[in-house]
Amino acid sequence: SQGLCGPYCSMQLGDAGAEIIKVEPPEGDSSRMMGPPFIGDESAVYLALNRNKKSVVLDILKEEGKDILAKLIKDADVFIEDLGPGEPEKLGIGYDQLKRINPKLIYCAISAFGEKGPMANQPGSELVVQAMADYTNSLGTIGKPPVRLGTDVANANTAVFAFQAIVAALLHRERTGQAQRGHLVVWTECED
């Protein structure tokens with residue numbers, strides 16, 4: 001996972017004592033460029049979200065990268081991704097594909113609008129979710145443009161819920177021996 005949501009979730013797991021191995025694409029996590037502020041050449045956001053983690057750069061489009069990832073998955077307890085519906089399967093890292101490597105794997109998928117429904121394949125961002133939730137309309141002055149909430153509340157809340165879901169899934173696995181796949185959604189739209 002990249003950006004804020006997934007890395008914040010895994011940061012909480014690391015803070016709780018888990019060994020975290022962050023897999024970054026060859027170009028690096030997108031949060032490496034978030035700033036200012038920067039500490040030297042490093043984004044303060046990236047440094048804050050990725051404390052307590054080991055990091056490896058893998059090109060999972062290449063066979064060597066897929067092989068290394070498979071070795072990591074074999075011994076992993078949890079896998080977190082935020083690629084969007086259908087994308088992990090195209091890359092060979094969907095839940096059904098990874099549970100063949102590790103049947104006890106807890107798999108956490110995070111997406112903006114879920115896996116089903118009219119918006120499932122739409123890209124999302126913090127600002128889009130804030131606008132859809134009417135946060136931006138609730139701030140500022142009447143008659144003036146909407147105002148963005150300063151904090152990334154949708155990403156942060158989703159990360160906290162993902163952390164809780166993973167811990168619950170680990171407890172479930174400890175009690176029953178069964179792995180689980182969960183999908184955390186930043187925004188869901190009610191259907192009639």
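The values are calculated or read from the model by the stated rules, or taken from the named source; none is laboratory data. Keep in mind it's a predicted model, so treat the numbers as computed, not measured. A quick note on method: Cβ atoms are made from the backbone with ideal geometry, for glycine too, and the neighbour counts reach across all protein chains shown. The area values use the complete protein model at the heavy-atom level, side chains included, leaving out ligands, DNA and RNA. Shrake-Rupley method; radii C 1.70, N 1.55, O 1.52, S 1.80 Å.
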Of all residues in segment 145-162 being farther than 10 Å from Val185 by Cα, assigned to a helix (DSSP H, G or I) and open to solvent by 40 Å² or more (accessible area, probe 1.4 Å), the one that is modelled with the lowest pLDDT: Asn157
Residues of segment 134-144 that turn out to be open to solvent by less than 80 Å² (accessible area, probe 1.4 Å) and among the charged types (D, E, K, R), as a count: 1
Count of segment 7-24 residues which are over 12 Å from Ser55 (Cβ atoms) and of a type in the set (Ser, Thr, Tyr): 1
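Determine, yes or no, whether Gly143 is closer than 30 Å to Ala70 by Cβ and without any contact (Cβ under 8 Å) to a residue 24 or more places away in the chain.
On the way: closer than 30 Å to Ala70 by Cβ: no; without any contact (Cβ under 8 Å) to a residue 24 or more places away in the chain: yes.
Spelling it out, it is not the case that Gly143 is closer than 30 Å to Ala70 by Cβ and without any contact (Cβ under 8 Å) to a residue 24 or more places away in the chain.
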Pick from segment 163-182, criterion open to solvent by less than 50 Å² (accessible area, probe 1.4 Å) and not aliphatic (A, V, I, L, M), ranking: modelled with the lowest pLDDT: Gly182
Whichever residue in segment 1-56 is basic (Lys, Arg) and open to solvent by 30 Å² or more (accessible area, probe 1.4 Å) and, among such residues, is farthest from Val167 (Cα to Cα): Arg32
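Only one of these is in contact with a strand residue (DSSP E or B) (Cβ under 6 Å, 6 or more places away or on another chain), within 15 Å of Glu24 (Cα to Cα) and not basic (Lys, Arg): Asp82, Asp59. Name it. Before you say what the answer is, go through the steps one by one.
Working: Asp59 fails: in contact with a strand residue (DSSP E or B) (Cβ under 6 Å, 6 or more places away or on another chain).
Result: Asp82 is the single residue among Asp82, Asp59 that is in contact with a strand residue (DSSP E or B) (Cβ under 6 Å, 6 or more places away or on another chain), within 15 Å of Glu24 (Cα to Cα) and not basic (Lys, Arg).
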Residue in segment 124-133 that is surrounded by fewer than 14 Cβ atoms within 10 Å (Cβ to Cβ) and out of contact with any helix residue (DSSP H, G or I) (no Cβ under 6 Å at 6 or more places or on another chain) present: no
Segment 1-54: number of residues that are part of a helix (DSSP H, G or I) and out of contact with any Gly (no Cβ under 7 Å at 6 or more places or on another chain): 17
Segment 55-67, residues that are under 18 Å from the mean Cα position of the chain (by Cα) and not in a loop (DSSP other than H, G, I, E, B): Ser55, Val56, Val57
Filter pass, Ile80 being buried (at least 21 other Cβ atoms within 10 Å of the Cβ), within 17 Å of Ala169 (Cβ to Cβ) and of a type in the set (Val, Ile, Thr): yes
Matching residues, segment 83-114, being out of contact with any Lys or Arg (no Cβ under 7 Å at 6 or more places or on another chain) and among the aromatic types (Phe, Trp, Tyr): Phe113
Residue list for segment 1-25, restricted to those being over 14 Å from the mean Cα position of the chain (by Cα) and at pLDDT below 95: Pro25
